[in-house]
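Since the structure comes first, as structure tokens, the remarks are kept for the end.
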Amino acid sequence: MRKSARSVGVLRALPFVIGLLVNPVHTAAATLSPVMLANVYHSGVALGDYWVSEKYDGVRGYWDGEKLLTRSGTVIHPPAWFTAHWPKTPMDGELWAGRGQFDMASATIRQQPADDEAWRHIRYMVFDVPGQPGSFDERLPALKRLIAELNVPWVRAVRQYKVADEAELQRQLDDVVQGDGEGLVLHRGASRYHAGRSEDMLKFKPFDDAEARVVEQVPGKGKYTGMMGALLVEMPNGTRFRIGTGFSDAQRRNPPPVGSVVTYRYQGMTSGGKPRFARFMRIRDEM
């Protein structure tokens, strides 16, 4: 029996979806926290409509008024003092240990029981207050008031500013990247808070990144004999390719497990729909 193109697409995506549901690392994905996600910036955007901020290279933290969640919905367990007296109002931000310190932030958040001293190096960089009504333009003053009233040094409002044109935006990106920052985020002032990806939030970085599920750990050869040589990964559309660079020796000895989702960076796509120069960045699920 001949299958429709739609049916084929669904069948190709099934292994990726099933992997997320049955793998214990990703069971929390079934109850996603309702976070806004960014599309990739492109030329021609009406920059006057957007606020610009630094893209903090940390772990996404969504405060639902009672508990702190990763973007995949997993509960984070910081020391009690870290969230003591936080408001019932939801907050969205990044748990950040400083530029170039993603591994430190991720390790701190994973560790149980929580390492009190390690958490003293974490800052909660808040960029939105989802529970407040109105547009982002209207939510920003509420965010500043909320953080000022909370008045704890480890919770900070992310600085938001405007740029005049693409040349100024590029200069801002260059300054952040030269200082070991990851990139910029653009947030449409007229947008209301909503879950999922859209043009209301854009990320602007010197490279593209995406996510794929690990299908196989390919054994290494030569100097990598006895270690992982590459990961065979699968994109949500079913396309498979290998990632062989970006790993430390420690990561090659203890590679991301089959079924986990990894983030990789790349530079454009081949004619066959595969990422060019794919390079491993990290395991996506922070927990």
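The values are calculated or read from the model by the stated rules, or taken from the named source; none is laboratory data. Everything numeric in this text was worked out from a predicted model, so none of it was measured. We place every Cβ from the backbone using ideal geometry, glycine too, and count neighbours over all the protein chains shown.
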- prompt: Just one of T263, T245, T225 is free of Cβ contacts under 8 Å to residues at least 40 places away in the same chain, touching a strand residue (DSSP E or B) at 6+ places or on another chain (Cβ under 6 Å) and outside the structural domain of V75 (by TED's automatic domain parsing); which is it?
  reply: T245
statement: Of I76, I147, the only residue that is under 20 Å from the mean Cα position of the chain (by Cα), surrounded by 14 or more Cβ atoms within 10 Å (Cβ to Cβ), of a type in the set (V, I, T) and within 26 Å of H194 (Cα to Cα) is I76
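Would you be able to say whether some residue in the stretch 219-227 is within 23 Å of the chain's Cα centre (by Cα), among the hydroxyl-bearing types (S, T, Y) and either at negative phi or exposed (fewer than 15 other Cβ atoms within 10 Å of the Cβ) (or both)?
No, the stretch 219-227 contains no residue that is within 23 Å of the chain's Cα centre (by Cα), among the hydroxyl-bearing types (S, T, Y) and either at negative phi or exposed (fewer than 15 other Cβ atoms within 10 Å of the Cβ) (or both).
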task: Looking only at the stretch 37-44, decide whether some residue is more than 21 Å from A210 (Cα to Cα), over 14 Å from the mean Cα position of the chain (by Cα), touching a residue at least 24 places away in the same chain (Cβ under 8 Å) and in the same structural domain as Q132 (by TED's automatic domain parsing).
output: no
- request: Check G131, G189, G181 and return the single one that is surrounded by 15 or more Cβ atoms within 10 Å (Cβ to Cβ), over 19 Å from L68 (Cβ atoms) and at pLDDT below 95.
  value: G181
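Those residues that are of a type in the set (G, A, S) and within 18 Å of V126 (Cβ to Cβ), I need them from the stretch 96-113; list them, please. Outline the logic, then answer.
Going through the stretch 96-113, the residues of a type in the set (G, A, S) turn out to be 97-98, 100, 105-107.
Hits for the stretch 96-113 are A97, G98, A105.
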